[in-house]
Amino acid sequence: MAANRESDGVRFFLAGTSCMCAAFVTNPIDVIKIRMQLEGELATKRGVAILKNRYYDGFIKGGIRIVKDEGIGGLYKGVVPSLIREGTYSTIRLGAYEPIKVWLGATDPAHTVLWKKVAAGAMSGAIGSSIATPTDLIKVRMQAEGKLQSGQSRRYKNTLHGFKDIFQHEGLRGLYRGASPTIQRAAILTATQIPSYDHSKHFLLNAGVMKEGPVLHIVCSFFAGFMTACTTSPVDVVKTRIMSQQIKGVTKGEYKYKNSFDCFFKTLKSEGPLGLYKGFIPNWVRIGPHTVISLFLFEQFRKLVGIKPI
């Protein structure tokens, strides 16, 4: 029993470490994604029109624009709260996935029905996100801040200042602004990402198409990354907009968005369905490598310490 608890603790630690590595590598992509999701917010345009005349015109041009305006450091805005977030959120969502799956009755990893994997992912993702929302909030706000105009000061000097400022002006509740879409996104993301990896991996193993190893891990994590980008993009746009909206000095009745549903329908009405998929390419470009790096490292770390593969 003690050995199992020790193994569980190591698995949680490795889950957080692998995801922190992935978050550091993909932070520039995350910054570009955030800027693209916020650009042209609630502009009354339809179809491809919302994709024209953008300041951050696409993934590559958007990245170049950020570097020109803010330097290389602009691509690493929000990296500290991002790492803190992964150290809490992903430690729980990835580390708790397997214990929850077993709790649901999945005793044979090679022959587990998909719904148990999806349920385990949704539960672990929601739990992890509910705890890490404040760090996600600060990350989004720091990443959303572009080139400063003359006389304009940064919204937050650093992560600690972000916590203090939000608590001072918005209260404890303010630290959990956007918690609903954040938890929804985390539940959808984890219910897609890890089960897609887990299920595709064992499907290929059971069919004798591939063997356990790095190539299998990369192939299945790439597939999982694409599936995750497809399911999370709309709720990710909603989460980003609610978290980044200006609250300080604005009365509650004048908030741009009342809640996640209000944001969803306002975006859909003003920008059409494509508005909900703004930043899809950088979202996929980010979640793809993030998924590959985190799951690949997680599997390799497990092998090093003698824990069985997922």
(Q) Normalised radius of gyration for segment 108-174, please: alpha carbon Rg relative to 2.2 N^0.38 Å, two decimal places. (A) 1.72
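Could you list S270, S124 in order of exposure, starting from the residue whose Cβ has the fewest other Cβ atoms within 10 Å? Intermediate values should be presented prior to the final figure.
Working: S270 16, S124 27.
Arranged by neighbour count, lowest to highest, S270, S124 become S270, S124.
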Q: Can you tell me the relative contact order of segment 139-223? Whole percent, Cα pairs under 8 Å, sequence separation 6 or more.
A: 15
Q: Could you give the size of the charge dipole of the chain about its Cα centre, using +1 on the Cβ of each K and R and -1 on the Cβ of each D and E, expressed in debye and rounded to the nearest 20?
A: 800
Q | Relative contact order, percent, segment 83-221 [alpha-carbon distance under 8 Å, six or more residues apart] | A | 30
Q: Please name whichever of T232, I307, G171 sits farthest to the positive end of the charge dipole of the chain, dipole taken about the Cα centre and charges placed at Cβ: Lys and Arg +1, Asp and Glu -1.
A: G171
Q: Can you bin segment 54-210 into rounded, prolate or oblate? Criterion: square roots of the alpha carbon gyration tensor eigenvalues sorted a ≥ b ≥ c, rounded for a/c under 1.5, prolate for a/b above b/c, oblate for the rest.
A: oblate
Q) How big is Rg to Rh over segment 135-218, alpha-carbon atoms, Rh as the Kirkwood inverse-mean-distance radius? A) 1.26
**Q.** For segment 172-310, radius of gyration divided by Kirkwood radius, i.e. Rg to Rh on alpha-carbons
**A.** 1.11
Q.
Rounded to whole Å, give me the distance from the Cα center of segment 64-125 to that of segment 229-249.
A. 18
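If R₀ is 41 angstrom, what is the calculated FRET efficiency for the pair V113 and D57, using the beta carbon separation as r and rounding to 0.05?
Numbers: r = 45 Å, r/R0 = 1.09.
Between V113 and D57 the formula returns 0.35.
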Q. Just the Cα atoms of the chain: what Rg and Dmax do they give in Å?
A. 19.8, 64
Q. According to the square roots a ≥ b ≥ c of the eigenvalues of the Cα gyration tensor, what is the shape class of segment 71-160, taking rounded for a/c under 1.5, prolate for a/b larger than b/c otherwise, and oblate for the remainder?
A. prolate
Q. Using only Cα atoms, what Kirkwood radius does segment 224-287 have, in angstroms?
A. 12.6
(Q) As a footprinting exposure proxy, order C21, C220, C263 by other Cβ within 10 Å, with the fewest listed first. (A) C21, C263, C220
Q. What's the exposure ranking of E170, E254, E299, going from fewest to most Cβ atoms within 10 Å?
A. E254, E170, E299
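None of the figures in this text is laboratory data; all of them are computed from the coordinates on show. Predicted model, so just to flag it, every value in this text is computed and none were measured. We place every Cβ from the backbone using ideal geometry, glycine too, and count neighbours over all the protein chains shown.
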